[in-house]
Amino acid sequence: MPATPVALVTGANKGIGLQIAKDLAAHDLTVLVGSRELDRGEAAAKSIEGDARAVQLDVTDQSSIAAAAERIRDEFGRLDVLVNNAGISHAAAPGRSMEEIVQAGRLSAASLDEIRSVFETNVFGVIAVTQAMLPLLREAPAGRVVNVSSSGGSLTLNSDPTNPHRAMFGTYSASKAAANAVTVAFAADLEADGIKVNAACPGFTGTDLNFFRGTRTVEQGAREPVRLALIGPDGPTGTFSNEDGPLPW
Ligand code: NAP
């Protein structure tokens, strides 16, 4: 097994994922920059100081996922950290405002096609990539999985009638709630293998996902996912947190 630990970050060609990749490379990991468009991944990898390589990876495409897993085994021989970061807030063609997207994401209005597309990336994509990388993660001395989630997906926070954001709980938030459930399921399933699986909320971060309305920088947004990617043997599993501490499921 090569000496340097290897991390794969999905959707790492921009936004929070790119910053997570930069931070993990700064911690001397070899970082695989997952990108559904290889050329965008290559450009992103070039912008990273340290050992970063692009890997074509569309989390909704089983053949792309299988090819990435095979390439990682053949070329790098190990995988220690998987950050499931790729995500979408809506599935429609560009051109809608954020308000239109939020309105269209309400379950009373959203089409099943739209809901399926969002779940395909944010939920089934997480399951599919994790499953495909499991043989490598199981061989790693300390396998770690981080799912980039959102406090917007917290069932507890959104069940509180005084929460002003609860009207926005729609397709995207429901997908993040499902991704949280997937985190708990994998954490329990993989505990005996020593693989720690946690969900991290980056906070409201300025990226394409929210038309750069987010108030946090990508450097801030990346902190909690990166912390959980690097936890030691005493670190938690099956948790949901942001930079300030635990979040309610
Ligand atoms: P972003 O800048 O839009 O980045 C999203 C990334 O996911 C892009 O690299 C995108 O690739 C990739 N992606 C989308 N669909 C994919 C697919 N099928 N296969 C592979 N990659 C795919 O958004 P972001 O804010 O950095 O989002 C990163 C994560 O943080 C997401 O899971 C999001 O839900 C979560 N999050 C964000 C915020 C926030 O305020 N920004 C808050 C809470 C949680 P392309 O460039 O090819 O589209």
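The values are calculated or read from the model by the stated rules, or taken from the named source; none is laboratory data. All of these numbers come straight from a predicted model, not from anything done at the bench. We place every Cβ from the backbone using ideal geometry, glycine too, and count neighbours over all the protein chains shown. Only protein heavy atoms, including side chains, enter the accessible area calculation; ligands, DNA and RNA are left aside. Shrake-Rupley method; radii C 1.70, N 1.55, O 1.52, S 1.80 Å.
Taking into account only those residues within the range 187-218 that are in a helix (DSSP H, G or I) and more than 16 Å from the ligand (Cβ to nearest atom), which is surrounded by the fewest Cβ atoms within 10 Å (Cβ to Cβ)?
A192
Scan the range 4-26 and report the pairs whose first residue is away from the ligand (no atom under 15 Å from the Cβ) and open to solvent by less than 40 Å² (accessible area, probe 1.4 Å) and whose second residue is assigned to a loop (DSSP other than H, G, I, E, B) and not aliphatic (A, V, I, L, M), with Cβ atoms within less than 8 Å and a gap of 6+ or a chain change.
Once the first residue is away from the ligand (no atom under 15 Å from the Cβ) and open to solvent by less than 40 Å² (accessible area, probe 1.4 Å) and sits in the range 4-26, its partners that are assigned to a loop (DSSP other than H, G, I, E, B) and not aliphatic (A, V, I, L, M) give V6/R78; V6/D80; A7/D80; A25/E49; A25/G50; A25/D51.
For A43, indicate whether it is in contact (Cβ under 8 Å) with a residue 60 or more places away in the chain and either more than 27 Å from V118 (Cβ to Cβ) or within 14 Å of the ligand (Cβ to nearest atom) (or both).
So A43 fails the test.
Is it the case that R36 is out of contact with any Ser or Thr (no Cβ under 8 Å at 6 or more places or on another chain) and within 12 Å of the ligand (Cβ to nearest atom)?
Criteria not met by R36.
Which residue pairs have Cβ atoms closer than 9 Å, lie 6 or more positions apart in sequence or on different chains, and pair a first residue in the range 71-98 that is under 21 Å from M133 (Cβ atoms) and open to solvent by 60 Å² or more (accessible area, probe 1.4 Å) with a second residue that is away from the ligand (no atom under 11 Å from the Cβ) and not in a helix (DSSP H, G or I)?
Note: pairs meeting the criteria are R71/L32; R73/L79; E75/R53.
With respect to the numbered conditions (1) of a type in the set (S, T, N, Q); (2) within 14 Å of the ligand (Cβ to nearest atom); (3) open to solvent by less than 50 Å² (accessible area, probe 1.4 Å), which one is the sole condition not fulfilled by Q56?
For Q56, the failing item is (3).
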